[in-house]
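Novice: Handing you this structure, nothing more for now.
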Amino acid sequence: MIPLIDVGATYNELAVEIDEAVTRVLSSGQYILGEEVRSFEEAWADYCGANHAVGVGNGLDAIFLALKALGIGPGDEVIVPAHTYIGTWLAVSRSGATIVPIEPNQHTYNLDHDSLKSALTSRTKAILPVHLYGLPAEMDEILLFARDHGLYVLEDAAQAHGATFLGRRIGSHGDAVAWSFYPSKNLGCFGDGGAVTTNDERIAKRINLLRNYGSQKKNEHEIEGYNSRLDPIQAAILRVKLKRLDSWNQRRALLAQRYLKNLSVEDLKLPILPKHCSSAWHLFVIRHNKRALLSEKLLEANITSQIHYPVPPHQQPAYKGALVQTFNLPIAELMSQTVLSLPIGPHLRMEDVDYIVDVLNQSLG
Ligand SMILES: *Cc1c(COP(=O)(O)O)cnc(C)c1O
């Protein structure tokens with residue numbers, strides 16, 4: 001069976017170094033924060049081209065704590081994409097702010113910046129773009145709109161490690177950038193992990209407090225904080241894996257190019273890559289009205305495919321009834337009914353891609 005992504009393969013490739021790193025932490029006696037977390041934060045900020053990185057417990061907390069650090073809460077509105085992982089939404093609703101979803105662009109899958117204007121009210125505080133599937137959102141237009149209307153921009157970059165927009169890596173375009181290191185992300189640890197990067201020292205300091213009981217100094221709690229710290233063992237693992245991120249992403253791009261060049265199925269919609277962006281190719285997502293048939297043919301040929309995401313957040317039971325508005329989001333719904341993710345990852349073989357392409361190209365004939 002060809003898996004969607006082979007997470008364990010990243011361990012096999014780096015087992016000696018990762019074992020060493022884990023042993024180093026275990027024998028250090030420092031199991032919360034400390035040097036290991038600081039070293040990774042420095043390396044991650046440096047990689048992202050940001051002044052600061054703060055390690056937190058997971059990606060959801062990264063978005064949530066960034067919202068808190070920006071002072072966003074009840075009474076505020078946050079513009080979010082309708083087509084995203086529910087984590088984006090859950091962070092906003094946990095903050096007490098109101099979710100204002102906007103439709104995706106059908107070609108990039110990212111939030112349609114032309115819809116920003118219609119979502120704007122006097123209560124809008126922030127835009128939360130997601131670089132979905134690894135492709136950066138249109139940051140220029142988003143930042144310009146935000147500047148014109150005095151809004152914060154908080155990026156959900158959980159799928160975009162190493163992606164670039166206008167030649168600059170994602171990590172410091174907006175006011176704050178939230179990361180997840182969930183195992184299957186482009187940079188993933190072997191458990192939960194997350195971070196926020198920012199150029200703003202005040203935001204970094206605030207998240208430093210928020211993640212650690214509102215405290216910098218023992219027994220001194222400046223604000224009402226949380227417990228959401230990046231684990232030092234995970235930080236040590238991430239430091240090892242970070243060295244491979246670029247080569248793994250290059251490998252993903254090669255596989256994606258092969259799919260793009262050779263897939264030829266009637267009425268199939270392929271992901272696009274605008275010239276001013278490089279994608280992290282976190283997922284390779286195609287669209288087809290006969291998605292069920294395609295995934296069935298793939299399964300018969302021992303190929304795993306998945307749907308990201310079969311039910312959009314606004315149709316999840318978690319949000320049904322809880323929201324006063326009834327959202328009209330037909331494009332997001334169409335996306336959830338037609339998207340299909342094909343295997344991609346640094347350890348997928350080129351001949352596997354060729355095999356998957358062959359199966360798909362023959363699937364409707
Ligand atoms: C993975 C992901 C998250 C949440 O990250 P966790 O570390 O699992 O909490 C949020 N948003 C998007 C777009 C994601 O892909």
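The values are calculated or read from the model by the stated rules, or taken from the named source; none is laboratory data. A quick note: this is a predicted structure, and the numbers were derived from the prediction, not measured. FYI the Cβ positions are ideal-geometry reconstructions off the backbone, even for glycines, and counts take in every protein chain you see. When the accessible area is computed, the model is the full protein with side chains, heavy atoms only, and any ligands, DNA or RNA have been set aside. Shrake-Rupley method; radii C 1.70, N 1.55, O 1.52, S 1.80 Å.
Novice: Can you find, within segment 242-281, the residue that is least open to solvent (accessible area, probe 1.4 Å) among those that are touching a residue at least 12 places away in the same chain (Cβ under 8 Å) and charged (D, E, K, R)?
Specialist: Looking at the filtered set, the residue picked out is R252.
Novice: Another question, then. Kindly indicate which of R239, R206 is in contact with a helix residue (DSSP H, G or I) (Cβ under 6 Å, 6 or more places away or on another chain), open to solvent by 10 Å² or more (accessible area, probe 1.4 Å) and within 18 Å of Y31 (Cα to Cα). Before the answer, list the steps.
Specialist: Details: R206 fails: within 18 Å of Y31 (Cα to Cα).
Just a single option satisfies the conditions, and that option is R239.
Novice: Return yes or no: is A43 at pLDDT 95 or above and either in a loop (DSSP other than H, G, I, E, B) or under 22 Å from L143 (Cβ atoms) (or both)? Can you show your working first?
Specialist: Working: at pLDDT 95 or above: yes; either in a loop (DSSP other than H, G, I, E, B) or under 22 Å from L143 (Cβ atoms) (or both): no.
Taking the combined requirement at face value, the residue does not satisfy it.
Novice: Identify all residues within segment 46-76 that are within 15 Å of the ligand (Cβ to nearest atom) and either closer than 19 Å to V22 by Cα or part of a loop (DSSP other than H, G, I, E, B) (or both); write none if there are none.
Specialist: G55, V56, G57, N58
Novice: Testing A97 on (1) at pLDDT 95 or above; (2) within 29 Å of L270 (Cβ to Cβ); (3) away from the ligand (no atom under 14 Å from the Cβ), one condition comes back false. Which one is that?
Specialist: Every listed condition holds for A97 apart from (2).
Novice: Does segment 318-325 contain any residue that is of a type in the set (S, T, N, Q) and closer than 22 Å to V92 by Cα?
Specialist: Among the residues of segment 318-325, at least one is of a type in the set (S, T, N, Q) and closer than 22 Å to V92 by Cα, which makes the answer yes.
Novice: Of the numbered conditions (1) assigned to a strand (DSSP E or B); (2) modelled with pLDDT under 95, K218 satisfies every one except a single condition; which is it?
Specialist: Among (1) assigned to a strand (DSSP E or B); (2) modelled with pLDDT under 95, K218 violates only (1).
Novice: Could you list all residues from segment 175-216 that are more than 13 Å from the ligand (Cβ to nearest atom), of a type in the set (S, T, Y) and touching a residue at least 12 places away in the same chain (Cβ under 8 Å)?
Specialist: Of everything in segment 175-216, those that are more than 13 Å from the ligand (Cβ to nearest atom), of a type in the set (S, T, Y) and touching a residue at least 12 places away in the same chain (Cβ under 8 Å) turn out to be T197, T198, Y213.
Novice: Can you give me the number of residues within segment 77-93 that are surrounded by 20 or more Cβ atoms within 10 Å (Cβ to Cβ), not aromatic (F, W, Y) and not in a loop (DSSP other than H, G, I, E, B)?
Specialist: Here is the first cut: in segment 77-93, the ones surrounded by 20 or more Cβ atoms within 10 Å (Cβ to Cβ) are 77-84, 87-89, 91-92.
Right, trim to not aromatic (F, W, Y) and you get 77-84, 87-88, 91-92.
Filter once more, so that each one left must be not in a loop (DSSP other than H, G, I, E, B): 77-81, 87-88, 91-92.
Looking only at that region, the number is 9.
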